[in-house]
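Presented below is the structure to which this report refers.
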Amino acid sequence: MNRKTILIFCAAIFFAACTVTEKQPPADTTVVAVPSVSDTSAGTSPAPAPVDTAATPVTPAPPAPAAATVNWTVNARGIGTVTAGMTLGEANSETGNALALPAKTSECDYVRPKNGPKGVALMFENGHFSRVDVTSGTVATTEGAKIGDSEARIKSLYPDAVVTAHKYLPKGHYLTVTPPDAANYRIVFESDGTKVTKYRSGKMPAVEYVEGCA
């Protein structure tokens with residue numbers, strides 16, 4: 001090898017040793033922790049369950065029976081299921097609270113249905129039911145007698161009815177019926193001499209008061 005060749009070879013080695021190889025920066029291998037669903041709830045209270053703000057349904061009280069459904073048929077002891085001797089409260093309950101109660105009671109009071117048949121009035125003496133008066137309308141007795149019936153019809157329905165002179169009508173009569181099984185009760189029909197103008201029923205002696213509470 002000649003001198004020139006040796007010099008070139010040495011120069012190449014020197015150059016290679018001094019050359020710095022450029023390196024790329026290492027890839028970032030850091031692992032970033034991603035919080036799990038359970039981690040995000042750490043330290044916090046669970047969300048409260050939704051509150052049902054709907055009001056608890058209340059079952060309404062059954063309505064009182066309409067006056068039209070109450071038994072307003074007259075019998076010797078009273079009317080419907082209201083019988084002589086009942087207190088005002090008991091009578092009102094029997095009619096489904098259909099009576100127009102007075103603000104206060106007196107020795108003798110007439111109480112009428114609020115929405116019931118017209119011409120019907122219940123007499124209370126010292127707060128107890130004693131008789132019922134029917135002065136107009138179509139309310140009938142258990143046997144079917146009513147205002148406007150002839151005296152002959154009343155006698156046919158009540159063969160034992162006792163006929164007496166009317167206190168105020170010269171031609172009028174009282175036709176009084178005494179039930180065979182209730183000697184202390186009466187049904188009293190008043191007539192103008194031809195037909196019934198009004199009638200009443202209940203317990204003695206109240207049922208025979210011609211003027212009622214007057």
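The values are calculated or read from the model by the stated rules, or taken from the named source; none is laboratory data. As the structure is a computational prediction, the values presented were derived from the model and not from experiment. Every residue, glycine as well, gets a Cβ built from its backbone with ideal geometry; the counts of neighbours run over all protein chains shown. Ligands, DNA and RNA are stripped out before the accessible areas are found, and what is left, the full protein with its side chains, is counted by its heavy atoms. Shrake-Rupley method; radii C 1.70, N 1.55, O 1.52, S 1.80 Å.
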Report summary line: V139 fails exactly one of (1) among the β-branched types (V, I, T); (2) assigned to a loop (DSSP other than H, G, I, E, B); (3) touching a helix residue (DSSP H, G or I) at 6+ places or on another chain (Cβ under 8 Å), namely (3)
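Do you know which residues across region 118-145 are of a type in the set (A, V, I, L, M) and in contact (Cβ under 8 Å) with a residue 24 or more places away in the chain? Give the derivation first.
Applying the first criterion (of a type in the set (A, V, I, L, M)) to region 118-145 yields 120-123, 132, 134, 139-140, 145.
If the condition is that a residue be of a type in the set (A, V, I, L, M) and in contact (Cβ under 8 Å) with a residue 24 or more places away in the chain, then V120, L122, M123, V132, V134, V139, A140, A145 are the ones that fit.
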Query raised in the report: With (1) in contact (Cβ under 8 Å) with a residue 40 or more places away in the chain; (2) within 21 Å of F129 (Cβ to Cβ) as the list, and G148 as the residue in question, which single condition is left unmet?
Result: (2)
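Being basic (K, R), open to solvent by less than 20 Å² (accessible area, probe 1.4 Å), closer than 23 Å to P117 by Cα and at pLDDT 95 or above is true for just one of R200, R186. Which residue is that? Walk me through it before giving the result.
On the way: R186 fails: open to solvent by less than 20 Å² (accessible area, probe 1.4 Å).
Of R200, R186, the one residue that is basic (K, R), open to solvent by less than 20 Å² (accessible area, probe 1.4 Å), closer than 23 Å to P117 by Cα and at pLDDT 95 or above is R200.
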Query raised in the report: Consider H166 against the criteria (1) surrounded by 14 or more Cβ atoms within 10 Å (Cβ to Cβ); (2) modelled with pLDDT under 95: it satisfies all of them except one. Which criterion is unmet?
Result: (2)
Query raised in the report: With respect to the numbered conditions (1) open to solvent by less than 20 Å² (accessible area, probe 1.4 Å); (2) of a type in the set (G, A, S); (3) closer than 19 Å to A206 by Cα, which one is the sole condition not fulfilled by G85?
Result: (1)
Query raised in the report: Under the condition of being within 17 Å of Y209 (Cβ to Cβ) and outside any loop (DSSP other than H, G, I, E, B), which residue from region 80-119 is nearest to the chain's Cα centre (by Cα)?
Result: V111
Report summary line: Within region 169-179, residues in contact with an Asp or Glu (Cβ under 8 Å, 6 or more places away or on another chain) and open to solvent by 100 Å² or more (accessible area, probe 1.4 Å) come out as K171
**Report entry** Filter result (in a strand (DSSP E or B) and either modelled with pLDDT under 95 or over 12 Å from G212 (Cα atoms) (or both)) within region 123-133
**Finding:** H128, F129
Query raised in the report: Of the residues that make up region 115-136, is at least one of a type in the set (D, E), within 16 Å of G78 (Cβ to Cβ) and surrounded by 14 or more Cβ atoms within 10 Å (Cβ to Cβ)?
Result: yes
Query raised in the report: Quick one: in region 148-159, which of the residues that are open to solvent by less than 40 Å² (accessible area, probe 1.4 Å) and assigned to a loop (DSSP other than H, G, I, E, B) is nearest to E208 (Cα to Cα)?
Result: Y158
